[in-house]
Each structure stands twice: as C-alpha cells, then as structure tokens.
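Comments concern the structure below.
What follows draws every value from the coordinates through simple rules; no lab data is involved. Quick caveat, the model's predicted, so the values are computed rather than measured. Cβ placement follows ideal geometry from the backbone for every residue including glycine, while neighbour counts extend to all protein chains displayed.
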Amino acid sequence: MIDFSMYDVKAPEILGYKCLTCGALHYPAPMICSKCSSRRDPVTGKRWETFPLEGPVTLLTWTRVWNLPEGYNVKYLLFGIVEFENGLRASGRLGVDEPRTGMKLNTRVEESDERPGKPVNVFVFE
Amino acid sequence: MTARVGIVGVGHTRFGNSSEYDLADVMAYAATDALIDAGILEQRHEVDQVFVANMASGIFCHQTSVASSLVSRMDMEPVPAELIENGPASGASAVKVAYMAIASGMADVVLVVGGEIMRKLTGWEATDTVATMLHTEAEYNMGLTLPSFGGMFARLYMDKYGCTERDLALIAVKDHDNGALNQYAHVQGTCTIDAIHDNVTASVVNNYVAEPLRMYSTCPVTDGAAALVLVNMDSPKAALFKKKAVRIAGVGSATDTHCVHNRKDPLLLDAVRIAGEKAYKMAGIGPKDISFAELHDAFVILELAISEEVGFFDRGKSYLAVRKGETTIHGSLPINPSGGLKSKGHPVGATGVSQVVELVRQLRGEVEEGRQVRDPKYGMSVNFGGFGNNVVAIICAKD
Ligand SMILES: [Zn+2]
C-alpha cells in the first residue's frame, strides 16, 4: 500500500513574522509589535505575515556543549547566535566543526526528536 | 517615607545533596532555624505572612503547593502562605514581595523561605528542567541550556575585553577558598590555580562544559534551603525581637528580553544594571558605598559581568581587579564571601534568600573565622533569573 500522505510532506521550516501595519520583522512571534504596537492575533494572523527564516547568516557567538544526555548520539553539540541578512537574529545549532565568530553560514532547518515529546524544528547553521 | 524593614532572623541548611529528604521538610528546617534565630519559635503565630520561593518543585520533586505543606508541618496555621516563582531569582523576588507586604501595611512580620531539591533527578535532567525557563520555540527546542548561553556570553566577553580562561579559573579559586570556610557551602574543598588551569593535566581535571566555560566555571547542582524573618522596624511587633535588625535599604528589580538573541548588544545585561540602579536609588547610596557583594555566579563569567553592570568596575575591567585580588575576602571589594553559587551551590529557589542570609551574617559580624569582611556597612546581592531576563538586587545595611 502506498501512503499518499508522504506527498504532502513539506521541508521543515521556522517562521519569522512581519507586522503589515509598519513592516517590522520579528522572531520569535511577539503579541505586540515593538515598533508600532499593533496586536498579533495568533488565531487569524490578520495584518501579520509569516515567512520562512532562511538564507545566509553571520555567526555572532558560539559554544561547544559537552556531556550530552542519552538520546543524543554525538559527543558534543555546537550552538550559536546568528544574524540574518534582514537583521533578525536567532539561536540554533551549528553544523560546522570549527566555528569562528563573524563567519558566514547558511541556514538549514531539520526535525529533532532528541527531547521527549513531539519532534520540533531546529535551526542548523552550516 | 519608605518603610523601615529589618531582618531579625536567618536560617540555612548545609547545601549539597538532600535528595533523600522531602522538600517541605528541608525548607521547614531552615525556616525553623530562622524562627529560633529571631527568638520567636514559640510565638511563631505572630508571623503575619509566609512567602515560599521555589522554582520548579513540580518537576524536580513531583510536588506542588509547597507553601501550604510548609506552614502545616511548622504548626503555623492559619498564617497565610503563598509561593513566589521567578526562576532562579525566586528567592530575591520573595524577599522583595515580603518587603512590599510590610511596606503596604498588610503584614508586620514575614517569614521568607527559599528552597529547591534538584538532585532527585540526574544532573542532565536538572539542567534540562532549568532550561524550561528559556523560550520554548526559539531556544529550548533548539537543545539550548543555560550553560550554552553562559558559554556564548563568555566567548563574547573574552573576545571583546581580553579576559582569559585563567582569569575565570582565578574566580573559581577565590570562590572555593571562601566556600571552604562556609559551614553551609556545598563544596567544602579548595582548589589551586595550578590544578585547574596551569598544570598540564588541568584540562582533564577541569574539562569543558560549554566552551569556553569549564567545570570550574560552572556551579554544581545543589539541594538546600534558606530562610529569613523580616519585620516592620516601626511596628509594635518589633519589640518581639532581641537581635538588632539588619535593615533592607534598597530593593530593585527589572526584566529584559526573553530571548537572548533579541538584545541589541547581547553582552549588556540591562536588567542587572536597572535593578542595581533602583536599589541604589532607594538606599540613597552608590556602588562606592558597598562593602561586599553576593553576585549570581552560576557561571563565573557572570560574576564579572554583574560586577560591572552594578557599577563596581568599568566595563571590561573587572577581571583585572580579580587578577589583583581586589575581590577576595581581604581585598578592597570582597565578592561572594560565601563562596557564591560556584562553591556554596545553587538550589535555584533558595539562592536569592541564601544570598541575603550571607549579607545579614556578614553585617552582624557572625560568619566563620577567616571569611569575615572587615567592618562592613552595606552588602549587596544580585539574583539573576533566566539568562538575565529577570533580576533582583537587594542592599542591606548595618545602621
Ligand atoms: Zn508594527
């Protein structure tokens, strides 16, 4: 039997938010726009637009974390804070082994099931 | 006129591993010590209000409503009791709320008890539980923890100001020297700069946790409780107490962005700066008046950054003061004479109360031999919640 639902599977993504009243970009989603005080309605999404956070980023700082718990099949994980070209910033994992502050990286989003509960989407900057 | 609120009783368990015990029992033990110290064990129903500080007993101990449990086992019913939760700054928040309760006139005597038992879980589970205070979608789900943010912050600080891993190790040596003399500290041993940094085997003893932070740059996972009795110094109930009160001169608190990445400059801890400014303003003093401080060194890099944000040192210069020994017990501005979170330990809900217990004991002149700050007038504590998104500063005075 063919599971046709697989054709609906979309690549995982993480969304940024744009306030259509003033144009300000946000991540993660606020309830009130910091620039114009417009309210976001999480149900209707009216007057707000979402867009996938993707593309080139600059690495602002990073760390290599050791002693991971069971569930992680790696010796360490690298994390960093990055800035997208649109000025938004995000925290996420790094997919390079020798990071340097200031280096240019690209954005990938993958599904993670290491922690208990439903799988979640995580950034991997590489 | 602001209320004159004094501290007339302190209690503290030996921090460490209390995982075999019930959380409410551990808290009640420290609270009973505080009542005894205040001389009102038998008159405990004179307490008008109990505030309990705890971060996550629901997860750590599978136990909730600990305030109700605590008053009952201390035979204090029907005294009102509530829980105050503000992450790892719960303790100082409870002291702040107690101050507000007294200043409002709703209470004249308040018992504050902070406690946490974290070691019923494994070390990682405890780290994971603490990490639930991060932004769920944008931080926690990524696999980030508090040590991760400590590491990323440390890298920024060290790159910008030239602070080295050896400087961080010097703070650990100083904190352990102090903690080894503190009967309540989790880690009672000292360490040398040779063993944790200079020696060729140091990187094995002192391995990386979240680069550039190592084990000796990070606080242990600790259980424990601390308690205070606060009184309105101008109420008739003040006459109940024999010991001279240590006055709470200033209280300030502030918040910052939940996500660290949303701070314009991720090296600035605005909530610390603003909390400090508010506390100074209320006390009518400035950083130069502070005799010693208990700063929230969950990661030793935070001892540096907090000491700059509250104005003890210029930005990027605090580690130079550490090199010169200025922050040791006998230095010009002792920092973390208790051993700090690094050595004394960090039972998250207890820490803010424990810091104030240390302020009181130092100002009374009753700490253990060898770690008494000389003739202190003002002590300051900074209790740091989240990764700096909710901070409470308290200044105590010996009048
Ligand atoms: Zn807007």
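Below is a table of values for the structure above.
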{"read-out": "Scattering curve values for the range B:309-399, log₁₀ I(q)/I(0), Debye with Cα scatterers, q = 0.22 Å⁻¹", "value": "-1.31"}
{"read-out": "Relative contact order of the range A:56-125, pairs being alpha-carbon contacts under 8 Å that are 6 or more residues apart, as %", "value": "33"}
{"read-out": "Inter-part distance where the range B:171-236 and the range A:66-126 are each reduced to a Cα centre, Å", "value": "30"}
{"read-out": "Nearest-20 debye value, the protein assembly as shown charge dipole, Cβ charges on Lys, Arg, Asp, Glu", "value": "1380"}
{"read-out": "Chain B, relative contact order [Cα under 8 Å, separation at least 6], %", "value": "26"}
{"read-out": "Rg/Rg_ref, the protein assembly as shown, where Rg_ref = 2.2 N^0.38 Å and atoms are Cα", "value": "0.99"}
{"read-out": "Percentage relative contact order, the range B:1-85, counting C-alpha pairs under 8 Å, at least six apart", "value": "31"}
{"read-out": "MRE, 222 nm, helices only [DSSP H, n ≥ 4, -39500 (n - 2.57), over the protein assembly as shown, to nearest 500]", "value": "-7500 deg cm²/dmol"}
{"read-out": "GluC sites (Glu not before Pro) restricted to the range B:1-72 and DSSP loop, no more than 11 other C-beta within 10 Å", "value": "B:GLU20, B:GLU42"}
{"read-out": "Fewest-first sequence of A:ASP97, B:ASP270, B:ASP108 by Cβ atoms within 10 Å of each Cβ", "value": "A:ASP97, B:ASP270, B:ASP108"}
{"read-out": "Chain B, dipole about Cα centre (Lys/Arg Cβ +1, Asp/Glu Cβ -1), debye to the nearest 20", "value": "960"}
{"read-out": "Peptide A:57-64 - average C-beta neighbours from other chains (10 Å radius)", "value": "6"}
{"read-out": "Reachable lysines from B:LYS324, criterion Cα separation under 22 angstrom, eight or more residues apart if same chain", "value": "B:LYS160, B:LYS174, B:LYS288, B:LYS342"}
{"read-out": "Part-to-part distance (alpha-carbon centres) for the range B:18-61 and the range B:325-399, which is given in Å", "value": "21"}
{"read-out": "Among A:THR107, B:ASN206, B:VAL97 the positive-end extreme of the charge dipole of the protein assembly as shown (Cβ point charges)", "value": "B:VAL97"}
{"read-out": "Ratio of Rg to Rh over chain B (Cα coordinates, Kirkwood Rh, two decimals)", "value": "0.95"}
{"read-out": "B:LYS281 paired with A:ARG39, simple spin-label distance in nm, labels 7 Å along Cα-to-beta-carbon", "value": "3.0"}
{"read-out": "Spacing of the two label points (7 Å from each Cα toward its C-beta) at A:ARG100 and B:LYS317, in nm", "value": "3.3"}
{"read-out": "Electrostatic dipole magnitude of chain A [Cβ: Lys, Arg +1; Asp, Glu -1; Cα centre; debye, to 20]", "value": "640"}
{"read-out": "Rg/Rg_ref, the range B:191-339, where Rg_ref = 2.2 N^0.38 Å and atoms are Cα", "value": "1.27"}
{"read-out": "Alpha-carbon gyration tensor eigenvalues x 5, square-rooted, for the range B:44-105, Å", "value": "20, 17, 6"}
{"read-out": "Residue-averaged beta-carbon neighbours from other chains (10 angstrom radius) around B:117-130", "value": "1"}
{"read-out": "P(r) weight above 14 Å for the range B:295-353, C-alpha pairs, percent", "value": "54"}
{"read-out": "Chain A: proportion of alpha-carbon pairs further apart than 25 angstrom, %", "value": "39"}
